[in-house]
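Trainee: Quick one: the structure is below, and I'll ask about it shortly.
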Amino acid sequence: MSAGPTDAHLLERAPFLLRDWLTHALPEPLRWFANTLIAIAAILAIFGTLFALLTLVERKVLGRVQNRPGPNRTGWFGILQPVADGIKMLTKEDIVPRAADPLLHFLAPVALLGFSVLTFAVIPYGRDLVAVRLDAGVLYFFAAGSATELSIFMAGWSSNNKYALVAAMRALAQLISYELPLLLSAVPVVLAAGTLSAPDIVESQGGFTWGFVPHWHVFTPWGAAAFLVFFISALSESNRSPFDLPEAESELIAGHLTEYSGFKYALFFMAEYFGMCSLCGMAVTLFLGGWQAPLAALEFIPSYAWFALKLCALLLVFIWIRATLPRLRMDQLTRFAWKFLVPLALVNLAASAFWSLSFGWAGPMQALRWAIGIALAVGPFVLLGRRLGAGIGPRTYRYA
Amino acid sequence: MSAALAIVALATLGSAAAAMLGRSLLRSIFMLAVSWAGVAAFYMWAGAQFVAFAQVLIYLGAISMVALFAVLLTRQSRDEASPPPAALRRAILAVVAAAGVAAVLLWAVAHSPLAVSGSLAPATSVRQLGFDLMGRHAAALLVVGVLLTIALLGAVVLAADGAQERPGDEP
Amino acid sequence: MLGTGLLQGLAVTARNFLGSFYDRRRFVTTQYPEQRTALPEAYRNFPFLVCESADDPMGTLRCVACQICEKECPPQCIYIEKSKDKKPDANGKPQIYPAVFDIDTAVCMSCQICVEVCPFDAIKMDQVFELAATDRFGALLMDRHALAKPNSYFQSIHPTEAGEVDSRLLAARLAAEEKARTAAAAKAAPKPAAPKPPAAPSAEAPKPSPPLA
Amino acid sequence: MNPSGLPPLASLPGPQIRAVHDELHGDLLELSMGPHHPSTHGVFRMVVTLDGETVVKLKPVFGYLHRNHEKIAEGASYLGSMPYTDRLDYLCSMTNNWSYALAVERLAGQAVSERAEYVRVILAELTRLLNHTCLAGFLLQDGGASGTPLMYAFREREKILDLFESLSGSRMMCNYQRFGGCRADPSPAWLDSARALVDGYGRFLDEYEALLTGNEILMARTQGIGRLSPQLAVSAGVTGPMLRAAGVGYDIRKVDGYGFYPRFTFRVPIGADGDTYDRYMVRILEMRESIGILRQALRDIPAGPILDPKAKQRGLRPKAGEVYSRIEGPKGEIGFFLISDGGPNPYRYRVRPPSLINLTILEDMCLGQSIADSVVILGSVDIVLGEVDR
Amino acid sequence: MNALQLCLAFSSLLFAVGLAGALARSNAIIVLLGLELMLNAANINFIAFWRFSPSSAPATGVIFVLFSIAVAAAEAAVGMALVIAIYRHQKTIRLPDATDLKG
């Protein structure tokens, strides 16, 4: 973590001031170590709290969507529900099936949680507010994320349960399939920003056209398409509805979590929410301008608040989608990835290349640029969608 | 500096050896994943960040997955229970051969006049790497791209072979 | 275009999410222990025995232990033992009474057939549903003391039905009195009139209840 | 029913894939789903043999909820069996009651009052709304929607159950029909609230369809899945919406014209493909027709006695004879077969449970589909274990 | 021994382990993974020489390793596909048993 901006106002510098106040007494080599520790602790604390709140908010929102109040008995508006859940999880018996592989059964949730925490390291939460400034931050993010698949497979296989095994197979196929579009949809952003470093990608989205249209990538045709692909892949990578196949409770009970209980189950739960948060954070970073304010006039609000706001908005959309959509089937899921998302991402790569090449076009050529850009984004979507949706559609019925 | 290298090397070698010795195929693959992660750690130690991330992404994220898939599709999660005498003889021969190779290599390493520069090579920035890949090594990059595409197609054709007679086997 | 159906669905859930904050037709939850829905009058749960007076429930039970309900009860959850002696009922007329009247509410399926077949309007359906107990043998087996509830209670939970029953019983009693009076008058004119009937309606005239044969 | 135009049974294609167990490698995975499983709709068990995710063999196992209903009824009085029929298909006690009452009425030669016939139609159609609404919710739950369609379905179902409760005293175990009529007379206020409910139901259906019918995921999950050929459906004795979804326009309300159904105009939707989507859509369309029937019945209901006071309920001893009554229940043909030997209880009592008979072809529909589909197919059969096992 | 030699020793040992696995085991998947280990050992050498040798061109070692990883990925994909194809035809992936070329 760097020293922090010096020209920004107090609120913006608050995290750094707090940190420096905590560590100013320490000698120099120790201070660096303490700063790192504080960064880790802050990330864990903030996202731990967010996880707790998110479970509550998810249940509340699901409840409201389903016209019921959701948890409201523990504390004021059910605010203590996560605490109650936590106590329940911790006091439950930890059951390991006799036929299970105890070592892997134990390692799976730990590894999953470890990898999902690792992904938080490179996300810029605010101006200069990033735990590790890596030159290849985006690559690091995907590398750490890809290792989570291994943990889910470990969980499914080590449980020695048929449901878990089927779930493990599904998890493998699903995560492999969606890793590719996830990566491919991030490539155009890297192309446009010319860097793999997450803070630099956010920096590159600063500024406004006509003073009110921010230069976020999502506001370009290719950016919107890439954001869509990234978002869908993120849904799938984080095992969220409608892609929650590994734990499809209607056929596989709880999938790879079938044989998990108590604290290990809680770890899995936590890791999944962490994964969701980090993917949303990356989506915000890549496409939604990271910590940049949407309007120049709103820049007095500290950058990390903007990041939090965008992150929460994306998380809410995740919950909203979960409340609405039924689940896909395994073959449809993989077909959707390989026949829709991957080609879309590839075409989009070309679209973003065109967008970079036509950077200098002006006047009427600018309109042409937009037209071609939109055509390159929407056209494949419509065409591929039509192919994908061939054979299904509304029907008319006759009466006897 | 060297201590970190020793730890990484020991972990990598240990897990690799465990993977090669293990009876359970899946455990072997998990051990190999650890070993590959160790190699990635070595790259980190050597200042090749980008390669380290690529190693994790490709080996942990893809190759181990493919291996797991192969294990599951061929239903071989438990390997042969007791090796037949022929296999045992072969194993002994293999270990002897490998030990021989290692001895020769180690001897060569120890006795070659390997010069070490005083200053380490500067850590390459991703930007520099990109320019290199697209500039000096563009042709090689193209070849690798073609190779990967052909390999992918070949793998699909090979794995999908006979899919008609056995529906549902193809993930 | 692909996805329009999904967007439509998302719109529906969004509408429901917002609607749950202001629209009572959508947000239908009743917070049970604090709030309660009004039970409809027809609501039935487990049977109880009607008695005339809350002060002396055992003395004023309408039940005469005829055991029809015991025979008709589909899951056979009623157990009745007739008394050996006769006890004066509310009218002062000696009647057999149930020495034992047990209903096993763990077995009862709340079908109301005992109520329909009772010729004396002596057993009715209760509306108490919070019967959870920690002892599944003793606490759910209700004896006649637990089952007896006064007519005023019946009036309060099923006013319409109770009104019908009361007017029917009143009519029956008046008819019986009339009959007794004419009989008495015909028998012995100089004798004084029959003693004043007690305040509570009598159950002395067994009369099939109208809805069921 | 004349299955004219349908090829004979011998030409039917058998199940396409059979399990071939590979002794050496155990290629196939045998999965015992149930009796405790989130989506087997009760204590039902499917022993599924999987090749990858494809079902190659499916053995339904039931009987975990067997309560000896038929034998108990043979020892009980005719009236005493009425509350037990509530517990067959516990979502549709009103239609179960009606079918049983119809059987006893025919056995005893008991006429039914006109008002009671109207009330029976109203209640049967409300039951159909209730059942189909729930089914759509359950189906989507099996398809992986996290509860939302089910909760909407239950929200509307509660309104119908409230009506049932205020009429019969119980929400699900109504025990409402009697031989020769109904137990309680619906008040004008009750009829008004029923009208209000029926008027609002179309709006709910519109919203429900906006949520589900056009949903691409639902269509992808259900179209072409679990096809049931009309030949197989007819020869297996499948009835109800499943049969109509397979393309056979067979509705007992039209065929038998029992009750006052001939007085109402309504249409019978039929599907073309016989897949899960058709089974879902036929039920949605049937609900719209039910709303039409309810409008007509609630408009035309006459005044009069609901139950003939002379109709004998207790101690009924019908003449010796046998009778089979059937009505179009929400799940299919719910029938009762009674033999009387002149005694106070039936000599033989037999239920024709639509759930069970529709369930018998589960394997044929599931073979070659994936495990996730088989769950949805089971959901689209619409079973209630209380009726399957009796 | 200097740091470069340490790295090379590490790489040699890893290579030997991979070689032993590839030679000793009869399971095709393990053999393939042993080959991967040997490739990794080679990559370690590249990085070590790039890092420590006095006259390395900038980034050449890194780029070579990147290509090597890509080739390894292709090899793994084709290899595993072959294993699956062999299993399909001969119902075994034990190399001593899978001697037929004809499917």
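No lab work stands behind these numbers, since they all come straight from the coordinates. Given the structure is predicted, the values throughout are model-derived calculations rather than measurements. Quick reminder, even Gly has a Cβ in these numbers, built from the backbone with ideal geometry, and neighbours come from all protein chains shown.
Trainee: Taking a cut-off of 27 Å between Cα atoms, list the lysines near D:LYS254, but don't count ones fewer than 8 places away on the same chain.
Mentor: Within reach: D:LYS331.
Trainee: Near C:LYS87, which lysines are there with a Cα under 30 Å away, not counting those fewer than 8 places off in the same chain?
Mentor: C:LYS71, C:LYS124, C:LYS149, C:LYS179, C:LYS187, C:LYS191, C:LYS196, C:LYS207
Trainee: What is the spread of the Cα atoms of chain D along each of their three principal axes, largest first, in whole Å?
Mentor: Projected onto its principal axes, the Cα set of chain D covers 73, 49, 42 Å.
Trainee: Residue by residue, what Karplus-based ³J(HN,Hα) values in Hz, rounded to whole numbers, does region A:174-186 have, using 6.51, -1.76 and 1.60 with θ = phi - 60° and x for Gly and Pro?
Mentor: 5, 5, 4, 5, 9, 4, 5, x, 4, 5, 5, 6, 7
Trainee: I would also like to ask the following. For chain C, which span is the longest to avoid every loop-located (per DSSP) member of chymotrypsin sites (Phe, Trp or Tyr not before Pro) having at most 13 other Cβ atoms inside 10 Å?
Mentor: In short, C:1-128.
Trainee: Hey, can you grab everything whose amide H is under 5 Å from the amide H of D:THR49? Only 5+ residues off in sequence or another chain; H modelled, so Pro and N-termini drop out.
Mentor: Amide H neighbours of D:THR49: D:LEU31, D:VAL56, D:LYS57, D:LEU58, D:LYS59.
Trainee: For the peptides A:198-204, B:29-35, D:255-261, D:239-245, what is the packing order when you average, over each peptide's residues, the other Cβ atoms within 10 Å and list the highest mean first? Could you put the intermediate results ahead of the total?
Mentor: Values: A:198-204: 21.9, B:29-35: 24.9, D:255-261: 16.7, D:239-245: 29.3.
Going by the mean number of other Cβ atoms within 10 Å, highest first, we get D:239-245, B:29-35, A:198-204, D:255-261.
Trainee: Could I ask something else about it? If you scale each eigenvalue of the Cα gyration tensor by 5 and take the root, what three semi-axes come out for region E:3-90, rounded to whole angstrom and sorted largest first?
Mentor: The answer is 30, 16, 4 Å, longest axis first.
Trainee: For chain C, what is the Kirkwood estimate of the hydrodynamic radius, computed as the reciprocal of the mean inverse distance between distinct Cα atoms, to one decimal in Å?
Mentor: 20.6 Å
Trainee: Average partner chain C-beta neighbours within 10 Å, per residue of A:142-149?
Mentor: Per residue, the number of nearby Cβ atoms from other chains is 6 on average.
Trainee: To continue, here is another question. Please check: in the Gaussian network model of chain C (C-alpha springs, under 10 Å), which one of C:GLY19, C:GLY138, C:GLY163 has the largest mean-square fluctuation.
Mentor: The residue that fluctuates most here is C:GLY19.
Trainee: Divide, for region D:191-281, the radius of gyration over alpha carbons by 2.2 N^0.38 Å, where N is the residue count.
Mentor: Against the empirical 2.2 N^0.38 Å value, I get 1.30 for region D:191-281.
Trainee: Would you mind ranking C:HIS158, D:HIS132 so that the residue whose beta carbon has the fewest other beta carbons within 10 Å leads the list?
Mentor: Numbers: C:HIS158 21, D:HIS132 24.
Going from sparsest to densest Cβ surroundings: C:HIS158, D:HIS132.
Trainee: Given the convex hull of the Cα atoms of the protein assembly as shown, what is a quarter of its surface area in nm²?
Mentor: 63.1 nm²
Trainee: Which net charge results for the neighbourhood of A:ARG387, defined as the other residues with beta-carbon distances under 11 angstrom from its beta-carbon, given Lys and Arg at +1 and Asp and Glu at -1?
Mentor: Net of charged neighbours comes to +3.
Trainee: Still on this structure, please answer the following. Kindly write out, for region D:50-65 in residue order, the coupling ³J(HN,Hα) from the Karplus curve 6.51 cos²θ - 1.76 cosθ + 1.60 (θ = phi - 60°), rounded to whole Hz, with x marking Gly and Pro.
Mentor: Each residue's phi maps through the Karplus curve to give 10, 10, x, 10, 8, 7, 10, 7, 9, 10, x, 10, 9, x, 6, 10 Hz.
Trainee: Over region B:1-79, one equal point on each Cα, no solvent: what is log10 I(q)/I(0) by the Debye formula at q = 0.11, 0.26, 0.27 Å⁻¹?
Mentor: Log-scaled intensity ratios, in q order: -0.31, -1.13, -1.17.
Trainee: Give the long-range amide H neighbours of C:ALA148: residues separated by 5 or more places, or on another chain, with amide H under 5 Å away, using H modelled in the peptide plane at 1.01 Å from N.
Mentor: Result for C:ALA148 returns C:LEU49.
Trainee: OK, next. So what are the radius of gyration and Dmax for the Cα set of region A:18-88, in Å?
Mentor: 18.4, 57
Trainee: Trypsin sites (Lys or Arg not before Pro) within region D:301-364: which are DSSP loop residues with at most 10 other Cβ atoms inside 10 Å?
Mentor: Numbers: sites: D:LYS310, D:LYS312, D:ARG314, D:LYS319, D:ARG326, D:LYS331, D:ARG348, D:ARG350; in loops: D:LYS310, D:LYS312, D:ARG314, D:LYS319, D:LYS331.
Within region D:301-364, the qualifying trypsin sites (Lys or Arg not before Pro) (loop, at most 10 other Cβ atoms within 10 Å) are D:LYS310, D:LYS319.
Trainee: Would you list which aspartates and glutamates come within 17 Å of D:LYS319, measuring only between C-alpha atoms, while excluding same-chain residues fewer than 8 positions from it?
Mentor: Result set, ordered by chain and number: D:GLU74, D:GLU105, D:ASP341.
Trainee: Restrict the search to region A:25-122; then list the trypsin sites (Lys or Arg not before Pro) that DSSP places in a loop and that have at most 12 other Cβ atoms within 10 Å of their Cβ. Present the calculation step by step, with values, prior to reporting the outcome.
Mentor: Details: sites: A:ARG31, A:ARG59, A:LYS60, A:ARG64, A:ARG73, A:LYS88, A:LYS92, A:ARG98; in loops: A:ARG73, A:LYS92, A:ARG98.
Answer in residue order: A:ARG73, A:ARG98.
Trainee: Also, I was wondering about something else. Test of understanding: in a Gaussian network model of chain A with alpha carbons linked when under 10 Å, which of A:PRO214, A:PRO364, A:PRO302 would top the mean-square fluctuation ranking?
Mentor: Of A:PRO214, A:PRO364, A:PRO302, the most mobile in the Gaussian network model is A:PRO364.
Trainee: Quick one: order A:GLU251, D:GLU322, D:GLU286, C:GLU130 by neighbouring beta-carbon count within 10 Å, fewest to most.
Mentor: C:GLU130, D:GLU322, D:GLU286, A:GLU251
Trainee: Exposure proxy check: B:SER24, A:SER177, B:SER112 ranked by fewest other beta carbons within 10 Å? If you can, show how the numbers build up before the last one.
Mentor: Numbers: B:SER24 15, A:SER177 23, B:SER112 11.
Lowest to highest Cβ neighbour count: B:SER112, B:SER24, A:SER177.
Trainee: If you don't mind, there's one more thing I want to ask. Mind pulling the angle between the C-alpha long axis of helix C:159-187 and the longest principal axis of chain C? Nearest 10 degrees, somewhere in 0 to 90.
Mentor: The angle comes out at about 10 degrees.
Trainee: Let me ask something else about it. Mind checking the angle between helix D:114-142 and chain D's longest principal axis? C-alpha axes, 0 to 90 degrees, to the nearest 10.
Mentor: Long axis of D:114-142 versus the principal axis of chain D: about 20 degrees.
Trainee: Rounded if a/c is under 1.5, else prolate if a/b beats b/c, else oblate: with a ≥ b ≥ c from the C-alpha gyration tensor eigenvalues square-rooted, which is region A:252-369?
Mentor: oblate
Trainee: Beyond 18 Å, what share of the Cα-Cα pairs of region D:234-390 remains, rounded to the nearest whole percent?
Mentor: That fraction is 67 percent.
Trainee: Kirkwood Rh, region C:1-96, all Cα pairs: how many Å?
Mentor: 19.5 Å
Trainee: Determine the shielding of peptide C:62-73 by partner chains: average, over its residues, the number of Cβ atoms on other chains within 10 angstrom of each Cβ.
Mentor: Mean shielding by partner chains, rounded to a whole number: 1.
Trainee: Also, quick follow-up: Quick one: grab the alpha carbon gyration tensor of chain A, order the square roots of its eigenvalues as a ≥ b ≥ c, and give me rounded if a/c is under 1.5, else prolate or oblate depending on whether a/b is larger than b/c.
Mentor: Since a/c reaches 1.5 but b/c is at least a/b, the shape of chain A is classed as oblate.
Trainee: Amide H neighbours of D:GLU328 under 5 Å, at least 5 residues apart or on other chains, H built in the peptide plane: list them.
Mentor: Here the answer is D:ARG253, since their amide H atoms fall under 5 Å of that of D:GLU328.
Trainee: Report ³J(HN,Hα) in whole Hz for each residue of region A:138-148, in order, from the Karplus equation J = 6.51 cos²θ - 1.76 cosθ + 1.60 where θ = phi - 60°; Gly and Pro get x.
Mentor: 5, 5, 4, 4, 5, 5, 5, x, 5, 6, 5
Trainee: Per DSSP H run of at least 4 residues, take -39500 (n - 2.57); add these up for chain A, divide by its residues and hand me the 222 nm value, nearest 500 deg cm²/dmol.
Mentor: Details: 15 runs with 256 residues, N = 400.
Here the helix-only value at 222 nm equals -21500 deg cm²/dmol.
Trainee: Another question, if that's okay. Please label the shape of region A:1-151 as rounded, prolate or oblate, based on the square roots a ≥ b ≥ c of the eigenvalues of the alpha-carbon gyration tensor (a/c under 1.5 means rounded; beyond that, a/b larger than b/c means prolate, else oblate).
Mentor: Values: a/c = 2.04, a/b = 1.38, b/c = 1.48.
Oblate.
Trainee: Do any GluC sites (Glu not before Pro) in region D:110-199 lie in a DSSP loop with no more than 15 other beta carbon atoms within 10 Å, and if so, which?
Mentor: Numbers: sites: D:GLU114, D:GLU117, D:GLU125, D:GLU156, D:GLU158, D:GLU165; in loops: none.
Sparse-neighbourhood loop GluC sites (Glu not before Pro): none present.
Trainee: Right, another one. To one decimal place, what Kirkwood hydrodynamic radius in Å is obtained for region A:148-261 from all pairs of distinct Cα atoms?
Mentor: 15.9 Å
Trainee: Starting from the Cα-Cα distance between C:THR4 and C:LEU18, subtract it from 0.36 nm times their residue separation and give me the gain in nm to one decimal.
Mentor: Values: separation 14, 0.36 × 14 = 5.04 nm, distance 2.10 nm.
Here the segment from C:THR4 to C:LEU18 would lengthen by 2.9 nm.
Trainee: When Cβ neighbours within 10 Å are restricted to other protein chains, what is their mean count per residue of peptide A:55-67?
Mentor: Partner Cβ neighbours, averaged per residue: 5.
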